[in-house]
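Asks: The structure's right below; bear with me while I get my questions together.
The values are calculated or read from the model by the stated rules, or taken from the named source; none is laboratory data. Since the model is a prediction, treat every value here as computed from it, not as a measurement. Counting neighbours? That spans all protein chains shown, and the Cβs are built from the backbone with ideal geometry, glycine included. We work out accessible area using only protein heavy atoms, side chains counted, and drop any ligands, DNA or RNA first. Shrake-Rupley method; radii C 1.70, N 1.55, O 1.52, S 1.80 Å.
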Amino acid sequence: MIESSVVVRAATPDDVDACIDLWCAAVAARDGVPEHPAVRDRAASKFAAPRVELLVADGPVGALDGFVLVTEPGTGRPTDPADAAYLSLLAVRPEVQAYGVGRRLLIEAVTAAHTAGHPAVALHVLADNLRAVRLYEAAGFHPTGHEFPHAVTGVPTRTYVTR
């Protein structure tokens, strides 16, 4: 098996603004639209939730290749499993997608949640974001429940859970 060269570390408080910037840029690139203040506001609110872990993958000097934010059970949707930590945000710089950054961050996030005593991890993904769906399914996440409209865009969204 080939080991990933992606280096993941615990984030510092100084990384939060860069994570929010990366989230906004990744969403805009994914959707093919300009960055929107509502996306930034929603991301910032997620960083205010009780945290299990915030991990980053360092990129070129002064930049992040990606990050993942995992928050406490109960910080996602009321229909998420009560014992599931919530994978609130996962973003990878568009230029380095498909190089294992997202996979490594996802693995490290699930491990951190389990180490913190959470037997399950839940996440929400846009139903039409097939690249992300494939990543989550390959990591052992399974769809649960019914689709629901995304809080900002109204796009059909689905909950995925791994134990």
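Asks: Just reorder Val152, Val110 by solvent-accessible area, largest first, 1.4 Å probe, all chains present.
Replies: Correct descending sequence by accessible area is Val152, Val110.
Asks: Modelling each spin label as a point 7 Å along the Cα-to-Cβ direction, I'd like the Thr144/Arg77 distance in nm, to one decimal.
Replies: Using points 7 Å along Cα→Cβ, the separation is 1.1 nm.
Asks: Note down the nm distance, to one decimal, between modelled labels 7 Å out along Cα→Cβ at Asp17 and at Val61.
Replies: 2.0 nm
Asks: What is the spin-label model distance, in nm, from Arg131 to Val155 if the labels are put 7 Å beyond Cα along the C-beta direction?
Replies: Distance between the two pseudo-spin positions: 1.1 nm.
Asks: If Ser45, Ser5 are ordered by their accessible area, calculated over protein heavy atoms with a 1.4 Å probe, which sequence runs from highest to lowest? Could you put the intermediate results ahead of the total?
Replies: Working: Ser45 70, Ser5 110 Å².
Greatest to least solvent exposure: Ser5, Ser45.
Asks: May I pose another question? Would you mind working out the accessible area per residue for the chain, using a 1.4 Å probe, and quoting it in Å²?
Replies: Result: 53 Å² of accessible area for each residue.
Asks: Further, regarding this structure: If you place +1 on the Cβ of every Lys and Arg and -1 on the Cβ of every Asp and Glu, how big does the dipole about the Cα centre of region 1-131 come out, in debye to the nearest 20? It would help to have the intermediate numbers written out before the result.
Replies: Numbers: 11 positive and 17 negative charges, 46 e Å.
Dipole of region 1-131, to the nearest 20 debye: 220 debye.
Asks: Which value does Rg/Rh take for region 24-98 over its C-alpha atoms, Rh per Kirkwood?
Replies: Checking Rg against Rh, the ratio lands at 1.00.
Asks: Here's a follow-up. Using just the helices of the chain, give the 222 nm mean residue ellipticity in deg cm²/dmol: DSSP H runs with n ≥ 4 each add -39,500 (n - 2.57), and the total is spread over all residues, rounded to 500. If you can, show how the numbers build up before the last one.
Replies: Working: 4 runs with 51 residues, N = 163.
It comes out at -10000 deg cm²/dmol, rounded to the nearest 500.
Asks: Just to be sure I understand: with springs between alpha-carbon atoms less than 10 Å apart, which residue in Val70, Val121, Val39 has the highest mean-square fluctuation in the Gaussian network model of the chain?
Replies: Comparing Val70, Val121, Val39 in a Gaussian network model of the chain, the most mobile one is Val39.
Asks: Still on this structure, I have one more. Quick one: pull the percent of accessible area on region 68-130 belonging to carbon and sulfur, 1.4 Å probe, ligands and nucleic acids left out.
Replies: Roughly 54 percent of what the probe reaches on region 68-130 is carbon or sulfur.
Asks: Select from the chain the helices, each a whole stretch of DSSP H, whose alpha-carbon atoms run 20 Å or more along the helix axis and whose Kyte-Doolittle mean is at least -0.5; answer none if there are none.
Replies: Answer set is 16-31, 101-115.
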